[in-house]
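Structure, as structure tokens:
Only the coordinates and a few stated rules stand behind these numbers; no lab work does. Computed from a predicted model, the values in this text were never measured in an experiment. A quick note on method: Cβ atoms are made from the backbone with ideal geometry, for glycine too, and the neighbour counts reach across all protein chains shown.
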């Protein structure tokens with residue numbers, strides 16, 4: 001049996017959050033308690049973008065490039081997950097309105113050059129006096145899970161050093177109302193997903209039009225719309241990563257060399273643990289609410305938590321939430337520290353957290369019984385909000401496919 005040197009702190013292991021992480025958690029939780037949760041039912045009913053709350057988040061420093069940069073700077077990779085869980089604990093629709101810009105920022109961060117990050121990321125947020133939002137546009141009517149079927153095209157006009165985009169995007173968070181849109185498009189359709197690239201569409205660009213806001217089951221405060229691109233002309237500098245990098249990648253693909261990733265999937269890989277943390281926030285809210293309800297709801301002369309059926313259900317809910325959080329934190333740490341997802345760990349985190357959120361919120365409605373079915377209690381809203389986490393940014397089936405491919409070494413379909 002090997003001996004371990006306890007005095008060498010390089011090999012220490014701890015699941016305790018640092019003081020800075022605890023302060024971040026408590027600060028965001030306070031904002032969720034005081035600002036977000038009290039407004040949740042109203043904005044869910046209104047189905048409108050909660051601009052006053054986005055502005056409030058910007059004023060306190062919770063919405064903006066500095067906030068995301070500070071979270072990204074955490075060497076453990078946990079800060080953004082911690083903040084996301086707390087904010088979505090407050091209300092998922094409002095939280096998505098505040099955090100949805102982060103997906104476009106992740107695309108710029110994942111594929112852009114340093115100069116592009118400096119130029120475009122601040123435009124995604126605006127400022128506290130006039131906050132803006134950004135949109136990442138990847139999904140299409142015929143290309144959701146099958147990103148290789150993308151029909152949006154990007155053609156390079158060499159004479160003018162411009163890219164010309166045509167196509168349609170579906171279900172885009174902040175689509176049409178965004179200051180900055182990040183759009184994935186096919187440059188060489190013969191290469192499938194390896195022939196795609198990502199482009200920044202700056203504010204006021206002609207030819208980009210969003211539909212009216214789509215009406216959804218959940219996350220109703222968050223704006224979701226389709227986006228149409230009709231001869232959208234972009235300066236050459238709007239190609240994320242630059243043309244030289246794109247041509248080198250396309251050349252590798254044409255000669256059959258191993259892929260190093262493509263625009264949409266790089267963005268999703270960066271964001272999956274954070275999305276899992278969002279689902280955790282919803283699940284935890286439902287668990288805590290149903291736990292409190294079970295302690296005070298009296299049936300047959302005693303609180304219902306004294307019944308094993310209820311107590312065991314709550315025990316399972318808590319166990320599943322804690323297990324999912326560990327997967328999310330592991331994936332976040334691995335991503336931040338450039339660890340390879342050998343077994344699809346990023347997909348594991350999103351898969352588990354999304355399915356836990358659906359199961360926990362459904363059980364919360366059941367524990368409340370008839371009361372849980374009424375809008376008087378928030379569990380019905382959390383139940384509706386949770387379902388999207390087994391669908392968007394990769395369905396549960398796609399996450400299982402990614403994991404299965406990783407552990408088998410086979411290109412399963």
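Among 378, 203, 303, which one shows the biggest mean-square fluctuation in a GNM of the chain, springs joining Cα atoms closer than 10 Å? Residue with maximal mean-square fluctuation among 378, 203, 303: 303. Take the chain, connect every pair of alpha-carbon atoms lying under 10 Å apart with a spring to form a Gaussian network, then pick out the residue of 101, 211, 395 with the largest mean-square fluctuation. Largest GNM mean-square fluctuation: 211.
When you count the other C-beta atoms within 10 angstrom of each residue and take the mean per peptide, 330-337, 386-393 line up highest first as 386-393, 330-337. Each of residue 340 and residue 72 was given a label point 7 Å from its Cα along the Cα-to-Cβ line. The distance between the two points is 2.5 nm.
At full extension, residue 20 and residue 251 could sit 78.6 nm farther apart than now, given 0.36 nm per residue minus the alpha carbon distance. Just checking the listed ones, 339, 299, 55: in the Gaussian network model of the chain with Cα springs under 10 Å, the one fluctuating most is 299. Its Cα gyration tensor gives the chain an equivalent ellipsoid. The semi-axes, each the square root of 5 times an eigenvalue, are 37, 26, 21 Å from largest down. Stretched out straight at 0.36 nm per residue, the stretch from residue 404 to residue 307 would grow longer than its current Cα-Cα span by 30.9 nm. Approximating the spin labels as points 7 Å out from Cα along Cα→Cβ, the residue 323-to-residue 214 distance works out to 3.2 nm.
So for each of 359-366, 155-162 I average, over its residues, the number of other beta carbons within 10 Å; can you give me the resulting order with the highest mean first?
359-366, 155-162
Using the Cβ-Cβ distance between residue 206 and residue 391 with R0 set to 30 Å, the FRET efficiency from 1/(1 + (r/R0)^6) comes to roughly 0.35. If the chain linking residue 166 and residue 230 were pulled fully straight, counting 0.36 nm for each residue of separation and taking away their Cα-Cα distance, it would gain 22.5 nm.
What FRET efficiency would be calculated for the residue pair residue 142, residue 118, taking the C-beta separation as r and a Förster radius of 30 Å, to the nearest 0.05? The computed FRET efficiency comes out at 0.25. Shown is the FRET efficiency for residue 298 and residue 46, computed with R0 = 30 Å from the Cβ-Cβ distance and rounded to the nearest 0.05: 0.25.
Here the label points at residue 33 and residue 60, each 7 Å from Cα along the C-beta direction, are separated by 1.1 nm in the simple model.
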